[in-house]
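Trainee: Would you mind keeping the following structure in view while I ask a few things?
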Amino acid sequence: MKKKFIVLSAIICALLLILLPACDAQNAGSLKSITRPYIAQYECTEAIFGGDNILDKFDYIEVNLLDKEKIQLIFKIKNSEKRVTDGKYTFDPKTHELSADIGVFGVRFKQTTTVRNGKFTVSKAIGRKQLILKFKAK
């Protein structure tokens, strides 16, 4: 009986040693992070509007995927108040396509982009200028 227990314990330890390195220790806090790893907080790393860098006009721009359908855009223009806008999104785990519908300043925006390695880019024509926002997971 004692021998079976030792063998079983050794097998469990071996399995843990094989499986644990496959887990990301930073994101291993919940089952959600394993089953839906794209659900995260993303920070804007680059913001270009009409060829001009506008990121320095903001304290921060963030996109939060809160659960499997709720998205939140949070930004703070320097010397202004923080703004939070809610919307909905879908994510296709096969193609890694993120499709979001969100309103900013009373205008609804629909956008589809691809999330790869925790990064995505949003590109939208506003008037005659192009807005390009690049995000990466925090």
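Trainee: In the range 92-112, how many residues are over 20 Å from Lys136 (Cα atoms) and small (Gly, Ala, Ser)?
Mentor: Number satisfying all stated conditions: 2.
Trainee: Could you list all residues from the range 115-138 that are over 17 Å from Cys44 (Cβ atoms) and not small (Gly, Ala, Ser)?
Mentor: If we filter the range 115-138 for residues that are over 17 Å from Cys44 (Cβ atoms), which is where we start, we get 125, 127-129.
Selection gives Arg128, Lys129.
Trainee: Could you list all residues from the range 115-129 that are free of Cβ contacts under 8 Å to residues at least 60 places away in the same chain, among the small types (Gly, Ala, Ser) and either surrounded by 11 or more Cβ atoms within 10 Å (Cβ to Cβ) or in a strand (DSSP E or B) (or both)?
Mentor: Ser123, Ala125
Trainee: Identify the residue in the range 73-114 that is touching a Phe, Trp or Tyr at 6+ places or on another chain (Cβ under 7 Å) and under 21 Å from Asp56 (Cβ atoms) and, among all such residues, is surrounded by the fewest Cβ atoms within 10 Å (Cβ to Cβ).
Mentor: Per the criteria, the residue is Lys78.
Trainee: If Lys94 satisfies every condition in (1) modelled with pLDDT of 90 or more; (2) of a type in the set (D, E, K, R); (3) in a strand (DSSP E or B) but one, which is the exception?
Mentor: Among (1) modelled with pLDDT of 90 or more; (2) of a type in the set (D, E, K, R); (3) in a strand (DSSP E or B), Lys94 violates only (3).
Trainee: Could you check the range 35-72 and list, in sequence order, the residues that are aromatic (Phe, Trp, Tyr) and open to solvent by 50 Å² or more (accessible area, probe 1.4 Å)? Break it down stepwise before answering.
Mentor: Step one: of the range 35-72, the residues aromatic (Phe, Trp, Tyr) are 38, 42, 49, 58, 60.
Of everything in the range 35-72, those that are aromatic (Phe, Trp, Tyr) and open to solvent by 50 Å² or more (accessible area, probe 1.4 Å) turn out to be Phe49, Tyr60.
The values are calculated or read from the model by the stated rules, or taken from the named source; none is laboratory data. Computed from a prediction, not measured in an experiment: that's the story for all the values here. Glycine gets a Cβ as well: all are built from the backbone with ideal geometry, and neighbour counts include every protein chain shown. SASA here: full protein model, heavy atoms, side chains in, ligands and nucleic acids out. Shrake-Rupley method; radii C 1.70, N 1.55, O 1.52, S 1.80 Å.
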